[in-house]
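Heads up: the structure comes next, in structure tokens.
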Amino acid sequence: MGKIRILPDILVSKISAGEVVERPASVVKELLENSVDAGSSKISVYLKSGGKRLIRVVDNGYGMSRDDALMSLERHATSKIKDVDDLFSLNTLGFRGEALPSIASVSRFTLVCRLKDSEGATEIVIEGGVIKSVKEKGAPQGTTIEVKNLFFNTRPRLKFLRKPETELLRINEVIQRQAISNPDISFEVFSEERQISHYPSRDSQKDRILQIIPNTELFEIGFQNQGIKVEGYLSSPLENRTSMQKLYTYVNARPLRDRFINRSVMDSYGNLIEKGRFPQGVIFIYVDPKDVDVNVHPTKSEVKFQNQYVVGETIKHSIKTMLNEAPWIKGYKKRAENALKNFYQDQQSKTGYGGEDSSSGRFTSFYETRVDNKAQFSEEKSLENNKNYYSSVESSKNDISKDVGNKNYHSNLKFIGQIGKLYLVCETESGMIVVDQHAAHERVNFEKIKKAYIEENIIQTQELLLPEVLEMTPQEFSIAQQFSDDINKLGFNFDIFGKNTLRLRSVAAFLLNSSYKEIFLNLLNEIDNFGEGKSIKQSLDLVCATIACHSSIRANQKLSSDEVAYLFRDLDKCDFPHACPHGRPIASEISYDVLEKMFRRT
Ligand SMILES: Nc1ncnc2c1ncn2[C@@H]1O[C@H](COP(=O)(O)OP(=O)(O)OP(=O)(O)O)[C@@H](O)[C@H]1O
Ligand SMILES: [Mg+2]
């Protein structure tokens, strides 16, 4: 007899479960997909111990008959496709008939379902892939699936699961991804019997997105090209994140984490966004199902496009158009306009002219305004309301934010003078630019420190004439010792001087004239705040921003023109000269257009 044999079904299921079911979040993902495919209008998810002890998904979809319920637990059993052609005209999230048997093979699994218009429900109990009981019972229409003790029979997998809180975060992410593309479905989530999120159904896509990304201004994107349509809402590069977690991408309403799509998005933002930072928002890509293969990854989270190039270009075009036209990029101008608008509104109330209050919606749709003129959002509205005082200001053709990225943009500015010991006023062809010296200096220092840390030790340090003896709390002392290598890389060299006492011997040269002692202690506290297991590297932006903020020229400091020239030159060397590390703008423009309107010359 030969050595090769066919594996028993139960083992095959366990092996394939390894691909589909990695952690509680993957179970939730599969069960949600099934509930969505079943036409549910309400889906509830109940969890215990971050899904490790219990995941229960209850839907009110069309349910299953007894026979279908038994069939659904067989491998490769699906109601969603019949042949190869169907695979390329999919309008369901599932298609492989793998999820339920995979999940059932690695958990204690109960399925209760009642088909629409049928009398009773069926309950099937399975343990580690073995059917324990099948019986009739009463239940409402729909399907409830309960998954207890995930991986109870696959111990090595258990080891890879994280703390319940971490698993819960991942589950939440999965639910949000699904909720975004299904605004008409109401989702609720309970953990340890307490409701932790609730997304009631919404009529519009926008409203659902606002439920999930609430405090970020998002701008609409939209473009159609050669049968490929891209729609969505994205944040300005200034409202960025350190991960892609808040960037939700979809192909034909299927949530994905596709490298090609992510790369196309990042390429579109280009160097408007800092390295290691990511925009937030939602992108829906629609392609003819026959032009996209969704069967390239076991968790269905990547796809392959027939015409990848056109998809990439369509994504880029839609995003770049938004970036060029969205108000944030005209922000330099807009901010000045808004400040003036508020000023005039103030005047109005003082002189008794009633100006209507504007609502403060966080959605700004330039696409809609352009395409069908239907959208009326707060900014446009409030300008309109104040016509008498501030006749609507159109956007200028001179968009300085594009120029700001130019190599010598700031060095070439004609510096006129400093006002309020904070603002540097400069003349330009189209009006004037006002630079916030503190924000500018913070940006310059931030990038210097970060580069020095990353490129290791090229930071110029300066020995202190009198080393500084620092007494500190035991906590600070232990942090300093624990992270001494990383702290040295930031230019601080020190040795131990006694119990809870350090001697600071040198600091980064550019910190010499600042309160480096305070910066050093601040740094230790910042590191203490990172949270479990985080390294300086992971929180480098935060550390650098702290140092930069404390070491920068403050307001109330007079600058000579040489110092201004020096600052501008450094600013031109920055990768991202648009905002300080905390996202505050560095420069604003007041154009001649605005000045003319102020003085009613137009
Ligand atoms: N919540 C549900 N409501 C109604 N029918 C369901 C539900 N969950 C599963 N089913 C039925 O069970 C079948 C098997 O589900 P399963 O998730 O294993 O496979 P699938 O969804 O067809 O494909 P995939 O493995 O890609 O998810 C489905 O095709 C569907 O007919
Ligand atoms: Mg499925």
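The values are calculated or read from the model by the stated rules, or taken from the named source; none is laboratory data. Note that this is a predicted model, so its numbers are computed, not measured. Here the Cβ is made from the backbone with ideal geometry for all residues, glycine too, and neighbour counts use every protein chain on show.
Considering every residue within the range 97-106, establish whether at least one is within 29 Å of the chain's Cα centre (by Cα), within 30 Å of Arg194 (Cα to Cα) and either within 11 Å of ligand 1 (Cβ to nearest atom) or of a type in the set (Gly, Ala, Ser) (or both).
Here is the first cut: in the range 97-106, the residues within 29 Å of the chain's Cα centre (by Cα) are 99.
Remaining after also requiring within 30 Å of Arg194 (Cα to Cα): 99.
Now drop any that are not either within 11 Å of ligand 1 (Cβ to nearest atom) or of a type in the set (Gly, Ala, Ser) (or both), which leaves 99.
Within the range 97-106, one or more residues are within 29 Å of the chain's Cα centre (by Cα), within 30 Å of Arg194 (Cα to Cα) and either within 11 Å of ligand 1 (Cβ to nearest atom) or of a type in the set (Gly, Ala, Ser) (or both).
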All-but-one check, His438 against (1) out of contact with any strand residue (DSSP E or B) (no Cβ under 9 Å at 6 or more places or on another chain); (2) of a type outside the set (Val, Ile, Thr); (3) free of Cβ contacts under 8 Å to residues at least 12 places away in the same chain, failing number (3)
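I'd like to check which helices (runs of 4 or more DSSP H) are fully inside the range 415-526 and have at least 2 residues that are under 23 Å from Asp572 (Cβ atoms).
In the range 415-526, the matching helices (runs of 4 or more DSSP H) lie at 437-455.
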Across the range 235-254, the tally of residues that are hydrophobic (A, V, I, L, M, F, W, C) and either assigned to a helix (DSSP H, G or I) or touching a Lys or Arg at 6+ places or on another chain (Cβ under 7 Å) (or both) stands at 1
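Within the range 255-272, how many residues are touching a residue at least 60 places away in the same chain (Cβ under 8 Å) and not in a helix (DSSP H, G or I)? Before the answer, list the steps.
Applying the first criterion (touching a residue at least 60 places away in the same chain (Cβ under 8 Å)) to the range 255-272 yields 255, 271-272.
If we keep only those that are not in a helix (DSSP H, G or I) too, we end up with 255.
Going through the range 255-272 one residue at a time, the tally reaches 1.
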Requiring at least 2 residues that are of a type outside the set (Val, Ile, Thr), over 22 Å from Pro298 (Cβ atoms) and more than 16 Å from ligand 2 (Cβ to nearest atom), the helices (runs of 4 or more DSSP H) wholly within the range 1-119 are 66-72
| message | When you scan the range 62-82, do you find a residue that is farther than 21 Å from Leu11 by Cβ, touching an Asp or Glu at 6+ places or on another chain (Cβ under 6 Å) and of a type outside the set (Ser, Thr, Tyr), even just one? | response | no
Just wondering, is there one or more residues in the range 41-60 that are within 10 Å of ligand 1 (Cβ to nearest atom) and farther than 22 Å from Pro164 by Cβ? yes
Only one of (1) modelled with pLDDT of 90 or more; (2) under 17 Å from Leu54 (Cα atoms); (3) surrounded by 16 or more Cβ atoms within 10 Å (Cβ to Cβ) does not apply to Thr154, and that is (1)
Just one listed residue, out of Val134, Val125, Val230, is over 20 Å from Ser41 (Cα atoms), under 30 Å from the mean Cα position of the chain (by Cα) and in a strand (DSSP E or B), and it is Val230
Result of the Cβ filter at 7 Å on the range 21-38, keeping first residues that are in contact (Cβ under 8 Å) with a residue 24 or more places away in the chain and partners that are within 10 Å of ligand 2 (Cβ to nearest atom) and β-branched (Val, Ile, Thr), at least 6 apart or interchain, is Val21/Ile103; Ser26/Val20; Val27/Ile103; Glu30/Val20; Glu30/Ile103; Asp37/Thr92
Picked from the range 283-305 (must be assigned to a loop (DSSP other than H, G, I, E, B) and closer than 20 Å to Asp83 by Cα), the residue farthest from ligand 2 (Cβ to nearest atom) is Asp288
Listed by first then second residue, the pairs whose first member lies in the range 154-167 and is in the same structural domain as Ala104 (by TED's automatic domain parsing) and more than 16 Å from Ser16 (Cα to Cα), whose partner is buried (at least 16 other Cβ atoms within 10 Å of the Cβ) and basic (Lys, Arg), with beta carbons under 7 Å and at least 6 positions apart or on separate chains, are Leu161/Arg23; Leu161/Lys52; Pro164/Lys52; Glu167/Arg23; Glu167/Lys52
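To keep it simple, each residue is scored yes or no on (1) within 13 Å of ligand 1 (Cβ to nearest atom); (2) in the same structural domain as Gly39 (by TED's automatic domain parsing); (3) farther than 18 Å from Met71 by Cα; (4) out of contact with any Pro (no Cβ under 7 Å at 6 or more places or on another chain).
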{"site": "Phe88", "(1), (2), (3), (4)": "no, yes, yes, no"}
{"site": "Leu111", "(1), (2), (3), (4)": "yes, yes, no, yes"}
{"site": "Val130", "(1), (2), (3), (4)": "no, yes, no, yes"}
{"site": "Lys135", "(1), (2), (3), (4)": "no, yes, no, yes"}
